[in-house]
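A short write-up of the structure that comes next.
Throughout, read-outs are computed from the coordinates displayed, never taken from laboratory work. All values reported here derive from a predicted model rather than from experimental measurement. Cβ coordinates were reconstructed from backbone atoms using ideal geometry, including for glycine residues, and neighbour counts include every protein chain displayed.
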Amino acid sequence: MSITLSLLLGVLLDRLFGELPRWHPLVGFGHCANHLEAWCNQGRLRFVRGTLAWALLVLPLPALFFWLLPAQHRWIANGIALYFALGSRALVEHGMRVEEALDTGDLAAARQRVGYLVSRETASMDAAAVSRATIESLLENGNDAIFGALFWCAVAGAPGVILFRLANTLDAMWGYRNARFELFGKFAARIDDVLNYLPARLTALGYALLGSTRNALHSWRTQAPHWSSPNAGPVMASGAGSLNLCLGGAAIYEGQVETRITLGGGAPAGPGDIRRASALISRSVLLWLACAGILEALYAAV
């Protein structure tokens, strides 16, 4: 049961301690990525430069863990690596801070707090828009910050989860379609799509099974193909349908209004639905852990 024990250990450590307030490895990685990008992202051949920069930053650490990780008590090292990659507690806490501000009528604080979760402009948001943006971020990051890490830890242990988290971090930093990153960050964005393809669909399935299943599956099938991201689409459409909420719609990015399709179906999102989305994510974690234990037990029995 080493895989299940690794997953349980990582989830338990995240639940007990959350993200490290100081000296988190990803913070140092982000500083290195910023310096390397400033040095490499100029001149000609920016796609090649971005690909080489990605490889230089991402590949050495998983390779080092693969070759040096001792077989004895490997599940402990895998669980610790998973802990550093998970963001379950932090994600839910960010969502709850937004809900608390909305409940007390402090719209300015709610706008500020949702700004920590989303890249869209928040200054003109009303309470409904803040709630919608928060829930969208919770559902999408449920895959990026939780279930993708669980999946790659189960598949490839510490090397897999480290590879996934570093690649996902570079996608968040470089994977923009603008003049600065269109070429340099293209490889980072595409490899993140590949690594997230299966986890995103398993995340969407978990959301669907734990809520309004018919609505979630219908939303996934009919709406996700029209969303801009191939992996965020299934996750967010299924989550919105599972919660019987309407998400998506217009949002402001860099001063421009972006009209997005409606996701899910049902009532408009409100402050109380933030807690429902957080609960859906928490139940999905338990479902994944239970499935991992059952599958590993069946494999051992064969």
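For the chain, the residue among 85, 118, 45 whose Cα projects farthest onto the positive side of the dipole built from Cβ charges is 45. From the alpha carbon centroid of the range 232-291 to that of the range 107-172 is 12 Å. Taking amide hydrogens as placed 1.01 Å from N in the peptide plane, the amide H of residue 19 sits under 5 Å from those of 90, each at least 5 positions away in sequence or on another chain.
Rounded to the nearest 500, the helix-only mean residue ellipticity at 222 nm of the chain stands at -23000 deg cm²/dmol, with each DSSP H run of n ≥ 4 adding -39,500 (n - 2.57).
Estimate the FRET efficiency between residue 116 and residue 300 by the formula 1/(1 + (r/R0)^6), using the beta-carbon distance for r and 41 Å for R0, to the nearest 0.05. FRET efficiency, residue 116 to residue 300: 0.45. Shown for the range 232-273 is the translational diffusion coefficient from the Stokes-Einstein equation, using the Kirkwood radius over Cα pairs, a temperature of 10 °C and a viscosity of 1.306 mPa s: 147 µm²/s. Of the trypsin sites (Lys or Arg not before Pro) found in the range 1-56, those in coil by DSSP whose Cβ has at most 11 other Cβ atoms within 10 Å are 22, 44. For the range 2-301, the dipole from Cβ point charges (+1 on Lys and Arg, -1 on Asp and Glu) about the Cα centre works out to 500 debye, to the nearest 20. Over the C-alpha trace of the chain, radius of gyration and Dmax come out as 19.3, 58 angstrom.
Among the DSSP helices (H) of the chain, those spanning at least 30 angstrom by Cα along their long axis with an average Kyte-Doolittle hydropathy of 0.0 or more are 186-209, 272-301; this is a geometric and hydropathy rule only.
What you get for the range 88-226, charging only the Cβ of Lys and Arg (+1) and of Asp and Glu (-1), is a dipole of about 400 debye around the Cα centre. Residues whose amide H comes within less than 5 Å of that of residue 252, counting only those at least five positions distant or on another chain, are 121, 258 (H built at 1.01 Å from N in the peptide plane). Each label was represented as a point 7 Å from its Cα along the Cα-to-Cβ direction; for residue 24 and residue 283 these points are 2.8 nm apart.
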